[in-house]
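The values are calculated or read from the model by the stated rules, or taken from the named source; none is laboratory data. Please read these numbers as outputs of a predicted model, since none were measured by experiment. A quick note on method: Cβ atoms are made from the backbone with ideal geometry, for glycine too, and the neighbour counts reach across all protein chains shown. Areas reflect the complete protein model, heavy atoms only, side chains present, ligands, DNA and RNA absent. Shrake-Rupley method; radii C 1.70, N 1.55, O 1.52, S 1.80 Å.
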Amino acid sequence: MSGEQKTPVVFTGRTGEYFGIWIVNLLLSILTLGIYSAWAKVRRKKYFYQHTFIDGVAFDYHASPVAILKGRFLAFGLFVLYSISAEISPVLSGVFIIAFIIFLPWIIVRSLTFNARNSSYRGLRFDFKGRLWDAVLYYILLPILMVLTLGLLYPFISQRRNRFLAEGHRFGRSPFTAGFKVKDFYFAYLKALLLLVGLLLAAGLSIGLLNVNKTDAWARESMQQAIVPLIFIYLLILTICGAFLRARLLNLVWNGTRVEHVGFSANLRSRDLVWLYATNLLLIVLSLGLLTPWAQIRTMRYHAERLSLVGETDFAHFVGEKKAEVKAAGEEIGEMFDVELALG
């Protein structure tokens, strides 16, 4: 694949331009008590889609804000009912949780279908055809078995979920295929675990050496004063390990995904992601959130710069068909209850 033609993904978004959209979205969402947030979501997605180019042509996003608003009303209503049930009876609250778990696969499939069918490139819509049973297997049944294996099954589940996401998508009528292997996921998670253990041991050893030949009272007082620095060190270690793992998984998934004659090439670097995530978080906190648009643009630009298409980018033979409209309820319920579909 290294000798084939490569076509880079180009992101042209600018912080100053996007900041205007972001601040208007924020203010109008607050003034309308959240009603405008549906329009804000469409404006935000359109901006990122329409500033992402392949071979000189941008993507587009077509979702209706009204459809998203209806979905949000339904999701918010369910959330209110759950909150009330938790105050009334633990049993009723448990019934809501069980019902949510039962409907979770449906929520996932509907969310993915909604987003895919409202995304397009060169006028051709994407689609998602993942099976409901696969969502049940990978998001409910296998996680139950994972508990019984003390977590050893998790890399396998991660590989299967990402394969489900990749192979479920279509570009027009053309299906995506996934060639990434389970063993590669196990290696990625094992390396991340070894890195985590090594960094924790190094941090613990350093703290221990600092307290050598010190009295117990002095050590206790020092530990109390060091609580904040220790929390910072712990979060830094998690950030480093999380960035390491995310870079490995993104590279695995993209490099193993194809759609007909077109493949992908990703070369994200762990150290880049560590710097990106750490500085983004620090500057967002110091600016009281005002640098959020800058962080989002910066993150998107980095991911685009590290991704390219491999092969002859002749899109003329890709064909599509009219898709039935999908309601946004599944996506908004998943968003309300923080359903995670990303890598991991």
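Summary table
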{"item": "Conditions (1) in a helix (DSSP H, G or I); (2) open to solvent by 10 Å² or more (accessible area, probe 1.4 Å): number failed by Ser158", "result": "(2)"}
{"item": "Test: residue in the stretch 318-334 that is modelled with pLDDT of 95 or more, open to solvent by 40 Å² or more (accessible area, probe 1.4 Å), touching a strand residue (DSSP E or B) at 6+ places or on another chain (Cβ under 9 Å) and not aliphatic (A, V, I, L, M)", "result": "no"}
{"item": "Residue list for the stretch 245-293, restricted to those being at positive phi and among the aliphatic types (A, V, I, L, M)", "result": "Leu288"}
{"item": "Hits in the stretch 239-266 - residues which are touching a residue at least 40 places away in the same chain (Cβ under 8 Å), aliphatic (A, V, I, L, M) and part of a helix (DSSP H, G or I)", "result": "Ile240, Leu245, Leu249, Leu250, Leu252, Val253"}
{"item": "Flag if Leu245 is modelled with pLDDT under 90 and over 27 Å from Arg110 (Cβ atoms)", "result": "no"}
{"item": "Hits in the stretch 282-316 - residues which are free of Cβ contacts under 8 Å to residues at least 12 places away in the same chain and either more than 28 Å from Ala58 (Cα to Cα) or surrounded by 17 or more Cβ atoms within 10 Å (Cβ to Cβ) (or both)", "result": "Leu282, Ile284, Val285, Leu286, Ser287, Leu288, Gly289, Leu291"}
{"item": "Pair list, Cβ under 8 Å, 6 or more apart: the stretch 83-99 residue touching a residue at least 12 places away in the same chain (Cβ under 8 Å), other residue in a helix (DSSP H, G or I) and open to solvent by 80 Å² or more (accessible area, probe 1.4 Å)", "result": "Phe96/Leu81"}
{"item": "Candidate set from the stretch 18-32 (those that are free of Cβ contacts under 8 Å to residues at least 12 places away in the same chain and open to solvent by 70 Å² or more (accessible area, probe 1.4 Å)); member that is farthest from Ser265 (Cα to Cα)", "result": "Leu31"}
{"item": "Hits in the stretch 20-74 (condition: closer than 23 Å to Leu288 by Cβ and outside any helix (DSSP H, G or I))", "result": "Thr32, Leu33, Gly34, Tyr36"}
{"item": "All positions within the stretch 49-59 that are surrounded by fewer than 18 Cβ atoms within 10 Å (Cβ to Cβ), closer than 21 Å to Val24 by Cβ and in contact (Cβ under 8 Å) with a residue 24 or more places away in the chain", "result": "Tyr49"}
